[in-house]
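Asks: I have a structure here, written as structure tokens, and I will follow up with some questions on it.
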Amino acid sequence: MQDLPNPSPSNSLVTPLLTDLYQITMAYAYWKSNRHKTPAIFELFFRKNPFGGEYTIFCGLDEVLKHLAAFRFTACDIEYLRNTPQLCHCDDAFFDEYLAQLDCSEVKLYSMQHGRVAFPKVPLLTVVGPLGIGQLLETTLLTLVNYPSLVATNAARMVVAANEKNTYSLNTKKPKLAEFGLRRAQGPDGGFSASKYSAIGGFDGTSNVLAGKILNINLVGTHAHAFVQTYKSLSEVEDMSASIQNSNGTLGEKVILLPLVQKYRSNMNWHITNDGELAAFISYACAFPNTFLCLIDTYDTLKVVVLLLFLDFASPLIGTILFLIKNSCFNFFVPSFSWT
């Protein structure tokens, strides 16, 4: 096998023990009947595309290679297996002479290119090697490929859908997609993997700061509902100011935002907004005047979209924001305003 610069799997849980029990019991049965060194070929494939789609994006090869490079049972692993009820009757030589010396030096791996489009019943991976070690790799390789491929495929489908639906006349830029799944992911590794493989599927950024650091993915984010709920009235932001970016990219003079907001609200005769929410937006805009992106569904999504129009510098961001809200919101205020 080719040497890897960092052969250790990204997740320390990925070891030979990250497998199903029956893989080890089968390996013992092979060893017991002296078939464990029989040449074998294992093919990893899937039967149906996920989400009822037409394709799958193959991912996970990087972690598969790391696992193969690092594959060794530790003394602690072997002692644990030796004392399990299912294996405690097995011959000591199976543990001391076979598992203790086992690695992937006799394994050859043939693979589809990482990130390529794949189709049902076409092998993603082909493992060639002794029957025993091939059997022991099966479950781990499946878990290292299935979830990453699922996430990348879902991400790619979203990218395709977003570009196909980018028909709004006010937005001529390519839509950008960001992954915010960490808080609802299947644990820390699920969250990190989702960030990683969403990027491979075509996403432009992630809210996951650790993924940004380790994988060099662009970081993106808005703010939480909690930020909005900490503000109650416009008096809390009456003195807040920001330097607004000019059309040529330079920073203009600092302006106090509240009077601008109140001017727009008066001109539009729109007085049913939540003052605390609007105050939160002003505060966040002052902190991030040139990358302002806000969360709009704390109270009333439709009403709060109009709040964005009160921020004099918000218009360059409207195209981005519109992809985060319902079409009904878009249709609500687009007929009344235009940007060039």
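The values are calculated or read from the model by the stated rules, or taken from the named source; none is laboratory data. Owing to the predicted nature of the structure, the values given are computational and were not obtained by experimental measurement. FYI the Cβ positions are ideal-geometry reconstructions off the backbone, even for glycines, and counts take in every protein chain you see. Ligands, DNA and RNA are excluded from the accessible area calculation, which covers all protein heavy atoms including side chains. Shrake-Rupley method; radii C 1.70, N 1.55, O 1.52, S 1.80 Å.
Asks: If I filter segment 161-183 down to residues being open to solvent by 70 Å² or more (accessible area, probe 1.4 Å) and either part of a loop (DSSP other than H, G, I, E, B) or in contact with a strand residue (DSSP E or B) (Cβ under 6 Å, 6 or more places away or on another chain) (or both), which single residue comes out as modelled with the lowest pLDDT?
Replies: SER169
Asks: Pairs under 8 Å by beta carbon, first residue at positive phi and touching a residue at least 24 places away in the same chain (Cβ under 8 Å) in segment 89-100, partner of a type in the set (Gly, Ala, Ser) and exposed (fewer than 15 other Cβ atoms within 10 Å of the Cβ), six or more apart or different chains?
Replies: none
Asks: Before we move on, is VAL220 over 27 Å from GLU63 (Cβ atoms) and touching a residue at least 12 places away in the same chain (Cβ under 8 Å)?
Replies: No; evaluated as a whole, the condition is false for this residue.
Asks: Another question, if that's okay. Would a scan of segment 184-192 turn up a residue that is at pLDDT 95 or above, over 18 Å from PRO50 (Cα atoms) and crowded, with 20+ Cβ neighbours inside 10 Å?
Replies: No; the residues of segment 184-192 include none that is at pLDDT 95 or above, over 18 Å from PRO50 (Cα atoms) and crowded, with 20+ Cβ neighbours inside 10 Å.
Asks: A further question follows. May I ask you to list pairs of residues, at least six apart or on different chains, whose Cβ atoms are under 6 Å apart, with the first in segment 177-203 being farther than 13 Å from PRO148 by Cα and touching a residue at least 12 places away in the same chain (Cβ under 8 Å) and the second being of a type in the set (Asp, Glu) and open to solvent by 30 Å² or more (accessible area, probe 1.4 Å)?
Replies: From residues that are farther than 13 Å from PRO148 by Cα and touching a residue at least 12 places away in the same chain (Cβ under 8 Å), the pairs are LEU177/ASP204.
Asks: Return yes or no: is VAL261 touching a Gly at 6+ places or on another chain (Cβ under 8 Å), part of a helix (DSSP H, G or I) and open to solvent by less than 80 Å² (accessible area, probe 1.4 Å)?
Replies: When the stated conditions are applied, VAL261 does not pass them.
Asks: Restricting the search to segment 264-285, which residues are over 37 Å from the mean Cα position of the chain (by Cα) and open to solvent by less than 60 Å² (accessible area, probe 1.4 Å)?
Replies: ARG265, MET268, TRP270
Asks: Among the residues of segment 233-258, how many are part of a loop (DSSP other than H, G, I, E, B) and surrounded by 13 or more Cβ atoms within 10 Å (Cβ to Cβ)?
Replies: Residues in segment 233-258 being part of a loop (DSSP other than H, G, I, E, B) and surrounded by 13 or more Cβ atoms within 10 Å (Cβ to Cβ): 2 in total.
Asks: Please go through segment 94-110 and give me each residue that is open to solvent by 30 Å² or more (accessible area, probe 1.4 Å) and either in a loop (DSSP other than H, G, I, E, B) or under 11 Å from LEU68 (Cβ atoms) (or both), ordered by number.
Replies: ASP103, SER105, GLU106, LYS108, LEU109
Asks: Consider only pairs whose beta carbons are under 8 Å apart and that are at least six residues apart or on different chains; among these, list those whose first residue lies in segment 4-19 and is more than 19 Å from GLY132 (Cα to Cα) and whose second residue is at pLDDT 90 or above and among the aromatic types (Phe, Trp, Tyr).
Replies: Sorted first by the residue in segment 4-19, then by its partner, the pairs are SER10/PHE192.
Asks: Give me a count of the residues in segment 131-160 that are touching a Ser or Thr at 6+ places or on another chain (Cβ under 7 Å), open to solvent by 10 Å² or more (accessible area, probe 1.4 Å) and farther than 24 Å from GLY52 by Cα.
Replies: Result for segment 131-160: 2.
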